[in-house]
Amino acid sequence: MRDRYQALDHVELRATRNAPTASAGATLRGHEFHYSEADAAGDARFAFDVERGTGIDGEHDGLIEHRTLGTYAHVHPESGAFDAFLDGL
């Protein structure tokens, strides 16, 4: 945790693989705001490339393991993420 924002911006993410909230190639839009920094392991698998925003490491967001996804992005309902998630249940 940091004393200042590490990110405060609108985000655009492109899914690099199928994830609980998006199919590979899909774009998600939303926003991010966080005080924390994440130090992802070298073998971490990411679900998204960051096209706008900061994400976890400046280039990627959405740590994924099996059917679990951890992301800094708060996606907009119109991005289709909620529908994708519900369809995958």
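Which order do the peptides 23-31, 7-15 take when ranked by the mean count of other beta-carbon atoms within 10 Å per residue, highest first?
7-15, 23-31
Search the structure for amide H atoms under 5 Å from the amide H of VAL11, placed 1.01 Å from N in the peptide plane, and list their residues when 5 or more places away or on another chain.
Here GLY30, HIS31, GLU32 satisfy the definition.
Compute the orientation-averaged projected area for the range 23-64 from the convex hull of its Cα atoms and round it to one decimal in nm².
Numbers: hull surface 13.1 nm².
Over all viewing directions, the range 23-64 projects a mean Cα-hull area of 3.3 nm².
For ALA26, which sequence-distant residues (separation of 5 or more, or a different chain) have an amide H within less than 5 Å of its own amide H, given hydrogens modelled in the peptide plane?
ALA15
How do GLU32, GLU59 line up, fewest other C-beta atoms within 10 Å first? Present the calculation step by step, with values, prior to reporting the outcome.
On the way: GLU32 24, GLU59 12.
So the residues, fewest neighbours to most, are GLU59, GLU32.
If the elastic network links every pair of Cα atoms under 10 Å, which of ASP57, ASP49, ASP39 fluctuates the most in the Gaussian network model of the chain?
Of ASP57, ASP49, ASP39, the Gaussian network model singles out ASP39 as fluctuating most.
Please list, in order along the range 26-41, the HN-Hα scalar couplings obtained from phi with the Karplus expression 6.51 cos²θ - 1.76 cosθ + 1.60 (θ = phi - 60°), rounded to whole Hz, x for Gly and Pro.
Per-residue couplings from phi come out as 6, 10, 10, 10, x, 8, 9, 7, 7, 9, 8, 10, 10, 10, 6, 4 Hz.
In the chain, how does Rg compare with the Kirkwood Rh, expressed as the Rg/Rh ratio over alpha carbon atoms?
Details: Rg = 12.4 Å, Rh = 13.0 Å.
Expressed as Rg/Rh, it is 0.95.
Which residue, VAL50, LEU28, ALA81, has the largest displacement toward the positive end of the dipole of the chain when charges sit on each Cβ (Lys, Arg +1; Asp, Glu -1)?
The residue sitting most towards the positive pole is ALA81.
Quick note: the coordinates plus some simple rules give every number you see, no bench work behind them. Remember, predicted model here, so these are calculated numbers, not experimental data. Using ideal geometry, Cβ is built from the backbone for each residue, glycine included, and neighbour counts are taken over all protein chains shown.
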